[in-house]
């Protein structure tokens, strides 16, 4: 029935939305997923008989189903569909739009069903589309690698250098390239000999005049901080830290948000044994200068950074104690019940992390009473149960 409607009458995008959103997987009867898979397979196998809009919509339908985790137990159908799509990318007579979308769908299927991804097939597909002249194919190849960074070792050693050169002439490609670098670093998939070059490329993105490039570079920076090799190399870590600090004074809210996100995540993943006295002081000074005046997500990440650095602080001198008290007072002042509950929740969480540290508890004992009063006042007046639970 679905196949008939899709090819003859109904708007396929509407059917896609209905299929994914109307009936949750958990509420399907036992045989519904299998029936849907059978119908989906008919639609996909008929792609070459459809007009391009219906081809695109059909692939959207399949991708939405995969993204939503529906039909996750029907591997046999996805094995057949992924094999068919893989072959069609090479031999089918489709437009550039449809072929690149096929690659995107294949990449998503392989994420959901890793057993269907064969290394040699991946390498053949990547090399074929990356080596085409059209930039759209090259972007599809980089997106494929973004979703499967662990496959990078199977590809040409010169791939990253070549991609960097391509990115110099195409902003859209370079943004995807930076995203892919971030995914590779976050998964510890990059080889040691390319690490310095990778950081250079990320910094080029952060310091680009393009806001999109800055955002992609900062997202890659956030992932780079997850790589223990970056954190253990003080020179590389310092350069990425500085890039984040420089981005915090940017006029773009999204750039400041991404910079704060990167620093907050970095402070969260840093282990105490990685914090030398000089690194701690450097990061403490950076965080203490972060301003919480920008509302929304940028402010949330400042609060996260406050909580993380205060939780890890030890051996504070008089100047550091004053800085710590200032951060605590900023957090305390954000507990007003009329403010956004996400701000309240993150401020309360940061205060909890700060005072879990005995050094902070003892050094900043003079502000404890006012903090407790603010917490109690917020708890008694806020209507949000999540905030009340946190308090």
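The values are calculated or read from the model by the stated rules, or taken from the named source; none is laboratory data. Just so you know, these numbers come straight off a predicted model, no measurement behind them. Glycine also receives a Cβ, built like all others from the backbone with ideal geometry; neighbour counts cover every protein chain displayed.
Assessment of the range 172-190 against the conditions (over 21 Å from the mean Cα position of the chain (by Cα) and either surrounded by fewer than 21 Cβ atoms within 10 Å (Cβ to Cβ) or assigned to a helix (DSSP H, G or I) (or both)) yields no matching residue. Residues in the range 295-329 that are out of contact with any helix residue (DSSP H, G or I) (no Cβ under 9 Å at 6 or more places or on another chain) and part of a helix (DSSP H, G or I): 3 in all.
Look at residue 193 and say whether it is free of Cβ contacts under 8 Å to residues at least 24 places away in the same chain, over 20 Å from the mean Cα position of the chain (by Cα) and more than 30 Å from residue 135 (Cα to Cα). No; evaluated as a whole, the condition is false for this residue.
Can you pull out the residues in the range 208-219 that are farther than 11 Å from residue 240 by Cα and touching a helix residue (DSSP H, G or I) at 6+ places or on another chain (Cβ under 7 Å)?
Selection gives 208, 210, 211, 212, 213, 214, 215, 216, 219.
A residue that is within 18 Å of residue 213 (Cα to Cα), part of a helix (DSSP H, G or I), within 14 Å of the chain's Cα centre (by Cα) and at pLDDT 95 or above occurs somewhere in the range 133-150.
Matching residues to (1) at pLDDT 95 or above; (2) crowded, with 23+ Cβ neighbours inside 10 Å; (3) in a helix (DSSP H, G or I):
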position	(1), (2), (3)
212	yes, no, yes
220	yes, yes, yes
236	yes, no, yes
240	yes, yes, yes
250	no, no, no
254	no, no, yes
266	yes, yes, yes
284	no, no, yes
